[in-house]
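Engineer: Could you have a look at this structure, given as structure tokens, before my questions?
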Amino acid sequence: MAAKSSTDTKSKPNHNKGKFDSKKRKFDNSKPYPKKDSNSNSAATPSNKKRALKAERQSHRKHATTVRTAKEIWNELRIKTNTSDQNSKLATELYGLFEGKMMEVAMQHDASRMVQAVIQFGNKNERGETVRELCGVSGGAVQKEESKGHGTVNLAELCKIQYAHFVVLKMIKYCARDEDSVKLIVKSLRKQMTKLAVHSVGSRVVELLFATFPSKATAPLKLELYGPQYALFATSNPTPTDGKSKSSISPTLPTLASFIETNPDKLESTLTHLQTLLQKGLDKHLTGFAYFHSLLFDYVSIASPNDIRDFLTPALAEHSLHLISTRAGTKVVCECAAYGSVKDRKKMLKCFKGLYSIVVVAS
């Protein structure tokens, strides 16, 4: 019986295991439990230290109090359930805060979104004044203060800044139907296209500019991509008038091929300039942009077969899939396939491996 009882006690599980044992730990209830100082401990946490440091840094920026107030308005403006009247009212408040400070605020990464909101939700007058101020056409003392504040910063420089270039994209998108705004934007970007077209950030602005604005407005900007001599000598060639159509009276700018045909002495300098520009774009992988496809096609239209075989085909053989997304790019691929070597053609076919049916349907 004694042996049986010992086995029974061993087989029974111990349910008290893990429970608090008063004999092991004794607490003195007479001593009060120390209270935590909420202010001192909460301020010492790493997250609060980061917030305090961030707020201190932002307080040293220009227009810090204005930006802080504008953020509260912008948080209400971004609510999707707002009506159009509520959005226009909030956009008017934002415009009142940033009037005369648009350029300096647009360059700040946390405040550029608010300038975008003014362009997107503001009325026609507010939108136009914002474009005028960013293009440097604001009059009076405001323009003088701005020129002292940020020196050589203009619309072309905004296009190169990572966060500020979104403001320019909003301007192009929402001001495309306003002729005055289109003229101001085009005028502000003149003599800057060769730098913007091969810039990693500015190329996005150039792409939307050529895709959104009418071709007549952007024709002077496109001339700059062909070289300074083309923008200088190819002013405007009037089309032959027959006395009947009104459209034939207005002058039209010539294409690159027609200009080279009438000015053969400019061929070598134009080819050299285009090769330098295209090489920079290829190094930065800009083959996905439609304006770059058009630039490649213009080069192919004046280049000799040897130039296409030696310079263009080896560089574009691995990017053929991106080029066939546009008509101009497809023509460039055809020219490269016609004049390229066997090795380059194999590389081009390798890009389309497994995608032949998609390419045929898309074409």
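The values are calculated or read from the model by the stated rules, or taken from the named source; none is laboratory data. The structure presented is a predicted model; accordingly, all values stated were derived computationally and were not measured. As a convention, Cβ positions derive from the backbone with ideal geometry for all residues, glycine included, and neighbour counts pool all protein chains shown. To get the accessible areas, we keep the full protein, side chains included, count just its heavy atoms, and leave off ligands, DNA and RNA. Shrake-Rupley method; radii C 1.70, N 1.55, O 1.52, S 1.80 Å.
Engineer: Being within 31 Å of the chain's Cα centre (by Cα), modelled with pLDDT under 90, more than 24 Å from TYR230 (Cα to Cα) and part of a loop (DSSP other than H, G, I, E, B) narrows it down to one residue among SER325, SER320, SER245; which is it?
Structural biologist: Exactly one of SER325, SER320, SER245 is within 31 Å of the chain's Cα centre (by Cα), modelled with pLDDT under 90, more than 24 Å from TYR230 (Cα to Cα) and part of a loop (DSSP other than H, G, I, E, B), namely SER325.
Engineer: Give, as residue ranges, the helices (runs of 4 or more DSSP H) completely inside the range 99-170 that count at least 3 residues that are over 26 Å from SER200 (Cβ atoms) and at pLDDT 90 or above.
Structural biologist: Passing ranges, in order: 124-134.
Engineer: Residue check, SER200 against (1) of a type in the set (Gly, Ala, Ser); (2) more than 25 Å from THR276 (Cβ to Cβ); (3) open to solvent by 10 Å² or more (accessible area, probe 1.4 Å), all met but one. Which one?
Structural biologist: (2) is the only condition that SER200 fails.
Engineer: Go through (1) open to solvent by less than 50 Å² (accessible area, probe 1.4 Å); (2) closer than 29 Å to LYS216 by Cβ; (3) aromatic (Phe, Trp, Tyr) for PHE297 and report which single condition fails.
Structural biologist: (1)
Engineer: Let me ask you something else. Name the residues in the range 300-309 that are assigned to a helix (DSSP H, G or I) and either polar (S, T, N, Q) or open to solvent by less than 30 Å² (accessible area, probe 1.4 Å) (or both), would you?
Structural biologist: Listed by number, the residues that qualify are VAL300, SER301, ILE302, ASN306, ILE308.
Engineer: Only one residue in LEU312, LEU349 is out of contact with any strand residue (DSSP E or B) (no Cβ under 9 Å at 6 or more places or on another chain), surrounded by 15 or more Cβ atoms within 10 Å (Cβ to Cβ) and not polar (S, T, N, Q). Which one?
Structural biologist: When all the criteria are applied, what remains is LEU312.
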